[in-house]
Amino acid sequence: MSALGHYIEEEGIATVAISLIRPQTENTKPPRALWVPFELGRPFGPPGDPAFQTRVLLAALRMLERDNGPVVIEDFPDDDPRAQPDAAWQPPRVPKPPAGATGDTLASMLEAEIALLQGARQRWITGHGRSTVGLTGLPISDAGRYVGEWLRGKSPLSPRDGFSAPLMLRFAVDDLKAHHLEAATAGTASSRQLGDWLWNDTAAGAAIHALREIGVASEDERLKLIGGNFLVPAIRVRSSS
């Protein structure tokens, strides 16, 4: 998905692009663009920080006052305040999967890991009054077991009418990511710290990498598409994949 914000110019009403990839913005040449030094998916900065997000929004809107051009690209001056690692942050302690673990081992470790993290995740929900888990419509333990069936080499049926099995696998993986990040989000851990923990130190991370391999090798075009493009972020894909 493009990191460049969409823009339109219709009937004299201009909008401003929010750019996360400056070279792409320079190539597409929108009339007005604000480049921001944030990670993909966060064009206005860190979630839960409306004051900072308002600063980004106002900086973009002020570009509409500029009368030079035809192309103006400006850089937002400040980094994401949460991009800096928190030295005091301690991730949840879960057993790290051994290198080369089988699908059956990963499935069992994943199911146990979900149970281990329930307390930490419940504290997050209590503090925030919401959860980002829910794409599958299943309890997270059931979503984990559904993923486990795939890891064990089975081809489980979709647990919901109207949704294909590969699509439900994608939803289950998204729910697992959200579940684990909620459990780990305490203090001011940076997104890099959270990502490193999820992808390098948990059964969920190892399981999702394994699911990507299953998808890429599949003859089912839907599963191949989902496995190759929607499970593991590009920056986390292992070179051996």
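The values are calculated or read from the model by the stated rules, or taken from the named source; none is laboratory data. The structure presented is a predicted model; accordingly, all values stated were derived computationally and were not measured. Please note: Cβ atoms are built from the backbone with ideal geometry, for glycine as well, and neighbour counts cover all protein chains shown. Calculation scope for accessible area: heavy atoms of the full protein, side chains included, ligands and nucleic acids excluded. Shrake-Rupley method; radii C 1.70, N 1.55, O 1.52, S 1.80 Å.
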Amide proton proximity set for Trp35, modelled H, under 5 Å, gap of 5+: Ser19, Glu74, Asp75, Phe76
- prompt: What's the angle, to the nearest 10 degrees (0 to 90), between helix 103-116's Cα axis and the longest principal axis of the chain?
  reply: 70
statement: Residue-normalised 222 nm signal for the chain, counting each DSSP H run of n ≥ 4 as -39,500 (n - 2.57), nearest 500 deg cm²/dmol, is -14500 deg cm²/dmol
statement: Between (1) 44; (2) 34; (3) 38, the structure-derived percent of Cα pairs over 28 Å apart is (1)
- prompt: Taking Cα centroids, how far is segment 23-64 from segment 81-143 in Å?
  reply: 31
- prompt: Using the heavy atoms of the protein chains alone and a 1.4 angstrom probe, what is the accessible area of the chain per residue in square angstrom?
  reply: 55
message: Could you give each residue of segment 41-56 its phi-based ³J(HN,Hα) in whole Hz, using Karplus coefficients 6.51, -1.76, 1.60 with θ = phi - 60°, and x for Gly or Pro?
response: x, 10, x, 10, x, x, x, x, 10, x, 5, 5, 4, 5, 4, 5
- request: Let me know the charge dipole size of the chain about its Cα centre in debye, to the nearest 20, where only the beta-carbon of Lys, Arg (+1) and Asp, Glu (-1) is charged.
  value: 520
message: Quick check: at a probe of 1.4 Å, how many percent of the accessible area of segment 167-227 sits on carbon and sulfur atoms?
response: 54
query: Excluding same-chain residues fewer than 8 positions from Lys224, which aspartates and glutamates have a Cα within less than 12 Å of its Cα?
result: Glu213
query: Relative to the longest principal axis of the chain, what angle (0 to 90°, nearest 10) does the C-alpha long axis of helix 165-184 take?
result: 80
- prompt: When DSSP beta bridges are limited to those with both residues in the chain, what percentage is antiparallel, rounded to the nearest 5?
  reply: 30
- request: Report ³J(HN,Hα) in whole Hz for each residue of segment 219-227, in order, from the Karplus equation J = 6.51 cos²θ - 1.76 cosθ + 1.60 where θ = phi - 60°; Gly and Pro get x.
  value: 8, 7, 4, 5, 5, 4, 4, 5, x
